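Below is one structure, written out as C-alpha cells, with a few remarks after it.
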Amino acid sequence: MKVAIIPARGGSKRIPRKNIRLFAGKPIIAHSIGAAIESGCFDRVIVSTDDPEIAAVAREWGAETPFMRPTSIADDHTGTNAVVKHALGWLVDQGTPAELACCLYATAPFVQARYLQEGLARLMESGRSYSFTVTSFPFPVQRAVRITTDGVVEAIWPENIFRRSQDLEEAFHDAGQFYWGTSEAFLNDVVIFSPASVPVVLPRHLVQDIDTFEDWRRAELMFRVLLQEELASSPS
C-alpha cells in the first residue's frame, strides 16, 4: 500500500490557522490533498492533525482523518518524521501496513500531481530510501556574505568572491513540498539529507516557503501568475 501523510497541526504561531487559511479561494491544505488525489499514486490520503476543525476541512476536500494526533507530537518542537512514524505505526496496528509513504506538506500550494508521480518513479527506479523535491539557488551560495557584529560585510568564502559564477558548482536546497520514502526508512530514522535520497528537481517558480505573512503574499502573487499562464495557454 502507498499512503500520503499530510501533517497539519492546529497550533501555527506565525500565521494563525495557517493550514486551513484560504489560499486562491480554498483552504491551503486542499491544494495538497487535491494534488495527492489527482496523482493516482496513493491508496490512502491521510491528514495527521490534532485539530477537529482541520480534520473536518480535510475530510471535506477528500482526505481521511482516521485518528487524532496525540498532543505529545503536536507541539512546536516535534519533527515531521515523528508525525510520519506515528501514522505508519497506526497503520501497522490496524493491520494495514504501508510499503511506501509520502510526507506531503499542508502548505505546499504549488505541488503538482506530475511531480508526485515523478517522485514515486525516481524512488522505485533508484532503489534508494527516499526521493524529495529540491530546487536550485538563484545565486551562487559560494559567494555568500555575512553581516558581522560590527555592522560591516564580509565574505563567508573569500576565495570564491572573484571566481566566475559559471565556474562554481550549482547548489540546491530542499523545496519543502514532499518526501517519498519506504516505510522502513521512515520508521528507522534513515537520514533524508544524505546519499539515501534522490532528487526531484523543481523549477524555482514552483517553490515558495510559506512561514510568514510576507511569504504568503508572495506565494499568492506567484500562484496568480501561474493561473493566468495556464488560462492563456489552454485551448479556447
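So here's what we get for this one:
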| quantity | calculated |
| --- | --- |
| Residue that is nearest to residue 87 (Cα to Cα) [pool: residues in the range 8-22 that are among the aliphatic types (A, V, I, L, M) and modelled with pLDDT of 95 or more] | 8 |
| Answer residue from the range 23-43, given it is among the small types (Gly, Ala, Ser) and touching a helix residue (DSSP H, G or I) at 6+ places or on another chain (Cβ under 6 Å) and is modelled with the lowest pLDDT among those | 24 |
| Hits in the range 85-143 - residues which are hydroxyl-bearing (Ser, Thr, Tyr) and over 15 Å from the mean Cα position of the chain (by Cα) | 96, 126, 129, 136 |
| Output for the range 144-160, where each listed residue is among the β-branched types (Val, Ile, Thr) and under 31 Å from the mean Cα position of the chain (by Cα) | 145, 147, 156 |
| For residue 169: the one exception among (1) under 25 Å from residue 99 (Cβ atoms); (2) touching a helix residue (DSSP H, G or I) at 6+ places or on another chain (Cβ under 8 Å) | (1) |
| Lone unmet requirement of (1) among the small types (Gly, Ala, Ser); (2) over 30 Å from residue 89 (Cβ atoms); (3) not in a loop (DSSP other than H, G, I, E, B) for residue 176 | (2) |
| The range 61-104, subset surrounded by 13 or more Cβ atoms within 10 Å (Cβ to Cβ) and among the charged types (D, E, K, R), residue modelled with the lowest pLDDT | 69 |
| Scope the range 179-217; condition exposed (fewer than 14 other Cβ atoms within 10 Å of the Cβ) and either part of a helix (DSSP H, G or I) or touching a helix residue (DSSP H, G or I) at 6+ places or on another chain (Cβ under 6 Å) (or both); matching residues | 184, 204, 205, 213, 214, 217 |
| Those residues of the range 187-233 which are under 19 Å from the mean Cα position of the chain (by Cα) and among the polar types (S, T, N, Q), in sequence order | 194, 197, 208, 212 |
| Qualifying residues in the range 113-126 (those that are in contact with a strand residue (DSSP E or B) (Cβ under 9 Å, 6 or more places away or on another chain) and either β-branched (Val, Ile, Thr) or surrounded by fewer than 18 Cβ atoms within 10 Å (Cβ to Cβ) (or both)) - the one nearest to residue 193 (Cα to Cα) | 126 |
| Close pairs (7 angstrom Cβ cut-off, 6 or more residues apart or separate chains): under 17 Å from residue 173 (Cα atoms) in the range 105-132, among the small types (Gly, Ala, Ser) and in a loop (DSSP other than H, G, I, E, B) anywhere | 130/196 |
| Search result, residues across the range 162-178 that are more than 28 Å from residue 209 (Cα to Cα) and either loosely packed, with under 12 Cβ neighbours inside 10 Å or in contact (Cβ under 8 Å) with a residue 24 or more places away in the chain (or both) | 162, 164, 167 |
| Residue match in the range 217-224 (condition: touching a Phe, Trp or Tyr at 6+ places or on another chain (Cβ under 6 Å) and at pLDDT 95 or above) | no |
| Residue 50, sole failed condition from (1) under 24 Å from residue 99 (Cβ atoms); (2) surrounded by 17 or more Cβ atoms within 10 Å (Cβ to Cβ); (3) not hydroxyl-bearing (Ser, Thr, Tyr) | (1) |
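The values are calculated or read from the model by the stated rules, or taken from the named source; none is laboratory data. Keep in mind that this is a model prediction, so the values were computed, not measured. So basically every Cβ, Gly included, is an ideal-geometry build from the backbone, and we count neighbours across all protein chains shown.
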